[in-house]
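The values are calculated or read from the model by the stated rules, or taken from the named source; none is laboratory data. Please read all numbers here as calculations on a predicted model, not as lab measurements. Counting neighbours? That spans all protein chains shown, and the Cβs are built from the backbone with ideal geometry, glycine included. Areas reflect the complete protein model, heavy atoms only, side chains present, ligands, DNA and RNA absent. Shrake-Rupley method; radii C 1.70, N 1.55, O 1.52, S 1.80 Å.
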Amino acid sequence: QVQFVESGGGLVQPGESLRLSCTTSGFTFGTSIMAWYRQPPGKEREFIARISPGSKSTNYADSVKGRFTISRDNAKNTPTLQMNSLNPEDTAVYYCTAPTLQSWGQGTQVTVSS
């Protein structure tokens, strides 16, 4: 059974940082593209970042480019998302996934507010 369990969210002030992690199971992590998405309040879920299986290739949404960094640890089956310079527009529920699997976890809430 494919599972994604996101963690690391919380309430932060503008300009601060958070690091999200995701525990995964039920599929071959080391050969899977991994991605992070987010769903802001009242909006559709949107793509944030993706990383290739060997970490040689990454892609980011324009809204987070230069502030967020996606990485992965294939030994631990864990993708991470380092988020810097957070602003209120980053407030959302954040999800990790392997895009080819069409499966989602519960997400982790990130709230950026002063």
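Of all residues assigned to the stretch 14-24, none qualifies as being part of a strand (DSSP E or B), out of contact with any Leu (no Cβ under 6 Å at 6 or more places or on another chain), closer than 17 Å to PRO88 by Cα and without any contact (Cβ under 8 Å) to a residue 60 or more places away in the chain. Selection over the stretch 17-35 of residues that are closer than 14 Å to THR69 by Cβ and of a type in the set (Gly, Ala, Ser) gives a count of 3.
Of all residues in the stretch 25-68, those satisfying the criterion of being within 17 Å of GLY105 (Cβ to Cβ), among the aromatic types (Phe, Trp, Tyr) and not in a loop (DSSP other than H, G, I, E, B) are PHE29, TRP36, TYR37, PHE47.
Considering only residues in the stretch 69-111 that are assigned to a helix (DSSP H, G or I) and modelled with pLDDT of 95 or more, the one that is nearest to GLY54 (Cα to Cα) turns out to be ASP90. Can you name the residue in the stretch 58-104 that is among the small types (Gly, Ala, Ser) and touching a Ser or Thr at 6+ places or on another chain (Cβ under 8 Å) and, of all such residues, is farthest from TRP36 (Cα to Cα)? Checked the stretch 58-104; the qualifying residue farthest from TRP36 (Cα to Cα) is SER85. If you go through the stretch 5-41 and pick out every residue that is farther than 10 Å from LEU81 by Cα, crowded, with 20+ Cβ neighbours inside 10 Å and within 11 Å of the chain's Cα centre (by Cα), you end up with 4. Scanning the stretch 61-79 for residues being open to solvent by less than 50 Å² (accessible area, probe 1.4 Å), within 26 Å of PHE27 (Cα to Cα) and either without any contact (Cβ under 8 Å) to a residue 40 or more places away in the chain or among the basic types (Lys, Arg) (or both) gives a total of 5. Answer yes or no as to whether GLY9 is on the phi < 0 side of the Ramachandran plot and either free of Cβ contacts under 8 Å to residues at least 40 places away in the same chain or not aromatic (Phe, Trp, Tyr) (or both). It is true that GLY9 is on the phi < 0 side of the Ramachandran plot and either free of Cβ contacts under 8 Å to residues at least 40 places away in the same chain or not aromatic (Phe, Trp, Tyr) (or both).
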